[in-house]
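Note sheet for the following structure.
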Amino acid sequence: MMDVLLLILGLAMLVGGGDLLVRGASALARNLGISSLVIGLTVVAFGTSAPELAVNTAAALKGSGDISFGNIIGSNIANIGLIIGCAALLRPLEVHGSVIAREIPMMLLATGAVIVMGVDSILRGSADLFDRSDALIMLLFFGVFLYYTISSVLSTRVADTFVDQSREAGEAEQRRSTLMSLIITACGLGLLVFGGNITVSAAVNIARMLHVSEAVIGLVLVAVGTSLPELTTSVMASLKGQSDLAIGNVVGSNIFNLLFIMGITAAIRPVAIPKGGWPDLTMMLLLSVILLPFSISGNRKISRREGVVLLVLYCSYLAWRAFSMN
């Protein structure tokens, strides 16, 4: 009963945190003259990736490489198949040109680079794993991503009409508004992180009580559970018509997971690609590649039909992996 109550509490925190995060991030973007896409790619993506970072750091320190690998790769699969699928199903997602030209290709580049780093049996004649040299490359790539994103903001930032109007109303009022947006965003992120942790712990306990296998728990609950902040945020953003925030959150989270979190994890302790890991990497690459034509087609909108396709692919893959592991 306690686990059920904690599960309900965690879900409530996720819903409330997602709503606050979208409101705060959108207001922050307006106040600073920054697009919602950039906020989604950076602040929101980093915040919603905090559960993956916490889980993977703990797993690396304990030597649980399989959990680290499954959490990152499984979360990236869920981000596209489950989260983009659900968000598009609720409301077609409009995709702006910069996402097609820059952000999705950057995610594809990160995905391809990580896969190449894992093919040690071909490149080095050793076991497939992500070692500390791979971690250094990942973190360097992540630094390039951050530099590119921040440089793009600084070079293209244009003050909107809100800034001009605020000058007449007083700069103090604008500063208070920006500070309040930061507080709301931080509160939303906090609720998402704590709500995600509570939900995952309660769900794992309930699954074990129901005698669900550890393999299914790891594949579904840990990976999907740590992706709940991204799911909640993207769904809330989609319902509010904030497509940039929804897509930026997913693309940014995938890049954060692959380059930053995997880099930190492999730097602490090398992460071996477990048995059955290559199908997971292949599925992650497939969904990442599919996202690009889906974004281009249909007047640059990810339609409800395409959302259904992503969900079907995701659920079918989960069912196959769960069956193959038992």
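Here are a few things to note about the model shown:
- So VAL200, is it modelled with pLDDT under 75, in a helix (DSSP H, G or I) and under 26 Å from ILE8 (Cα atoms): yes
- Residue match in the stretch 163-181 (condition: surrounded by fewer than 20 Cβ atoms within 10 Å (Cβ to Cβ), within 30 Å of SER26 (Cβ to Cβ), β-branched (Val, Ile, Thr) and modelled with pLDDT under 75): yes
- Out of SER316, SER253, SER227, SER297, one residue alone is of a type in the set (Gly, Ala, Ser), more than 26 Å from LEU139 (Cα to Cα) and at pLDDT below 90. It is SER297.
The values are calculated or read from the model by the stated rules, or taken from the named source; none is laboratory data. Please read these numbers as outputs of a predicted model, since none were measured by experiment. No Cβ is skipped: glycine too gets one built from the backbone with ideal geometry, and neighbour counts run over all protein chains shown.
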